[in-house]
1. Using a Cα-Cα cut-off of under 24 Å, which lysines could be cross-linked to LYS49, ignoring same-chain neighbours fewer than 8 residues away?
2. How do VAL31, VAL72, VAL13, VAL63 line up, fewest other C-beta atoms within 10 Å first?
3. Multiply the residue separation of ASP60 and ARG17 by 0.36 nm, subtract the distance between their alpha-carbon atoms, and state the gained length in nm to one decimal.
4. Would you list PHE27, PHE65 from fewest to most Cβ contacts within 10 Å?
5. Would the range 12-75 count as rounded, prolate or oblate if I go by the C-alpha gyration tensor, calling it rounded below 1.5 in a/c and otherwise prolate when a/b exceeds b/c, oblate otherwise?
6. Taking Cα pairs under 8 Å and at least six residues apart, what relative contact order does the chain come out at, in percent?
7. Would you mind ranking LEU22, LEU75 so that the residue whose beta carbon has the fewest other beta carbons within 10 Å leads the list?
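A short reminder: the numbers here are calculations on the coordinates, not readings from a lab. Just so it is clear, the structure is predicted and the values come from calculations on it, not from any experiment. All Cβ positions, even for glycine, are placed from backbone atoms using ideal geometry, and neighbour counts span all protein chains on display.
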Amino acid sequence: MESAIKTIVTTFVSSARGKENLDGKAFEKMVKKQLGSIMEDTDSGSAIKEMQKGLDENSDGKVSFQEYLTLVGYLANSLSQRNSGSNADTS
Ligand SMILES: [Ca+2]
């Protein structure tokens, strides 16, 4: 658990290269490199751009750490739904 949290933080920090936000290019690179097996459409630049727009709550064209956590939460949520399989509709 601790290592997973560290990975989430260090992935953002290294992708942002010392900046506070991921710009479009850095975000696309991070998604393609790190999330290819958990997410669909990661080979599509336009799909990634759409995803970035959806995350960009303050509409500054960049992905902040907070906005990045929204993506992590979304992925964790969809993964847990996938893993719970037929139990998904009992909640
Ligand atoms: Ca933003």
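1. LYS19, LYS25, LYS29, LYS32, LYS33, LYS62
2. On the way: VAL31 24, VAL72 15, VAL13 12, VAL63 27.
Ranked by crowding around the Cβ, least crowded first: VAL13, VAL72, VAL31, VAL63.
3. Values: separation 43, 0.36 × 43 = 15.48 nm, distance 1.81 nm.
Additional length available on full extension: 13.7 nm.
4. Working: PHE27 24, PHE65 14.
Listed from fewest to most nearby Cβ atoms, that is PHE65, PHE27.
5. On the way: a/c = 1.44, a/b = 1.27, b/c = 1.14.
Rounded shape, in that the Cα axes give a/c under 1.5.
6. Values: 62 pairs, mean separation 21.3, N = 91.
Relative CO of the chain lands at 23 percent.
7. Values: LEU22 24, LEU75 13.
Exposure proxy ranking, most exposed first: LEU75, LEU22.
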